[in-house]
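For reference, the structure is listed below as structure tokens.
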Amino acid sequence: MSGQAHSMMRPWVIRGNGSLKSAYVSPQLTYAGIFLTFACGFHCSYCINRHGELKKRKVLTASEWERGLNRLQINRSQMVPLTIQGGEPSFHPAWIDIIQRLRSDFYIDLLTNLDFDVDVFMQHIPPERLQRDVPYASIRVSYHPEHSDLDQLLGKVRRLQDAGYSIGLFMVDHPASAVQPIAERAMGMGVDFRTKTFLGNHEGVLWGEYRYPGALSGQCMDVECRTTELLVAPNGDIHRCHRDLYAGESRVANILDDELEIEFPFRPCSKFGCCNPCDQKLKNNRFQVFGACSVEIRP
């Protein structure tokens, strides 16, 4: 099918009944976030998943994730991985099985707090399954000082690193956190340590760099919005942005719909101003070039 024909298609078209077919994914895709579950053993005060209301949903089984994800036609040349995350993805009872069932030609990244048995993980997922030629780790471990024991966490990271896994340690640069001692300790052990920008309000101050003024004003208004990210909720629903994802609103399709085509047009939105910071922040893209933003807004 020609690019011109694709540009005329309705977004995420759902047609007919029957077995699942391959799903075209636009080459505009820049990120694929696969949220296996919103459950997590931590309850961090700054958790971005709880910016606004987080609606609980059922989770797909390993077989359902296999059927829904393995149909996606993502060209490897785009270097876009399926980023397995949550909540904490290891809270899904079949999370390792899900990774094992994914097509071998998919790139896979993992976002985790590493609160699981790394021996079991290493027994089932070899290092080469989570590898890409990009300038950051495929396994991105988050350190949360409110809950994690740093000694234990660094020990786990080093064990995985020594076993050949592409892994790094990340920490939210929260205004109330002392990041520098953690950074020095991790880097002193040879661990790739990086910070994530704290997003949102703290003591009356809005933190973070955002592309669109007023995106977090709390005053909703009508715009047209386009994103190039594929965000899949635990129940398989596809949402255009993190605000809709967490709130469980405005789904555009489900990963298990009979027929599916994924493109990224502008869509009407009445929630600009009540956005999730993740959608509006300026950030590094997948090649670590700063200045990217998940969304494009027009009046």
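Going residue by residue through the stretch 86-104, is there one that turns out to be among the polar types (S, T, N, Q), at pLDDT below 95 and part of a helix (DSSP H, G or I)? No - not one qualifying residue is present in the stretch 86-104.
Give the number of residues within the stretch 189-225 that are acidic (Asp, Glu), surrounded by 13 or more Cβ atoms within 10 Å (Cβ to Cβ) and over 22 Å from Phe264 (Cα atoms).
So the count comes out to 2.
Within the set Tyr165, Tyr246, the sole residue that is more than 25 Å from Phe121 (Cα to Cα) and not β-branched (Val, Ile, Thr) turns out to be Tyr246.
Restricting Phe170, Phe264 to those that are buried (at least 17 other Cβ atoms within 10 Å of the Cβ), in a loop (DSSP other than H, G, I, E, B) and touching a residue at least 12 places away in the same chain (Cβ under 8 Å) reduces the list to Phe264. So which strands (runs of 3 or more DSSP E) are wholly in the stretch 186-249 and hold at least 3 residues that are more than 14 Å from Ser294 (Cα to Cα) and at pLDDT below 95? Strands (runs of 3 or more DSSP E) meeting the threshold: 193-197, 200-202, 205-207. The residues of the stretch 114-135 that are β-branched (Val, Ile, Thr) and surrounded by 12 or more Cβ atoms within 10 Å (Cβ to Cβ), listed by number, are Val118, Ile125, Val134.
With the structure loaded, tell me whether Ser294 is touching an Asp or Glu at 6+ places or on another chain (Cβ under 6 Å), within 22 Å of Arg57 (Cβ to Cβ) and in contact (Cβ under 8 Å) with a residue 60 or more places away in the chain or whether it fails that test. Steps first, please.
Numbers: touching an Asp or Glu at 6+ places or on another chain (Cβ under 6 Å): yes; within 22 Å of Arg57 (Cβ to Cβ): yes; in contact (Cβ under 8 Å) with a residue 60 or more places away in the chain: yes.
For Ser294, the condition - touching an Asp or Glu at 6+ places or on another chain (Cβ under 6 Å), within 22 Å of Arg57 (Cβ to Cβ) and in contact (Cβ under 8 Å) with a residue 60 or more places away in the chain - is met.
Residues that are modelled with pLDDT of 95 or more, buried (at least 20 other Cβ atoms within 10 Å of the Cβ) and not in a strand (DSSP E or B) within the stretch 138-155 comprise Ser138, Leu153, Leu154, listed in sequence order.
Checked across the stretch 26-33, the condition of being out of contact with any strand residue (DSSP E or B) (no Cβ under 8 Å at 6 or more places or on another chain) and in contact (Cβ under 8 Å) with a residue 60 or more places away in the chain holds for at least one residue.
The values are calculated or read from the model by the stated rules, or taken from the named source; none is laboratory data. Not measured: the values here are computed from a predicted model. Glycine also receives a Cβ, built like all others from the backbone with ideal geometry; neighbour counts cover every protein chain displayed.
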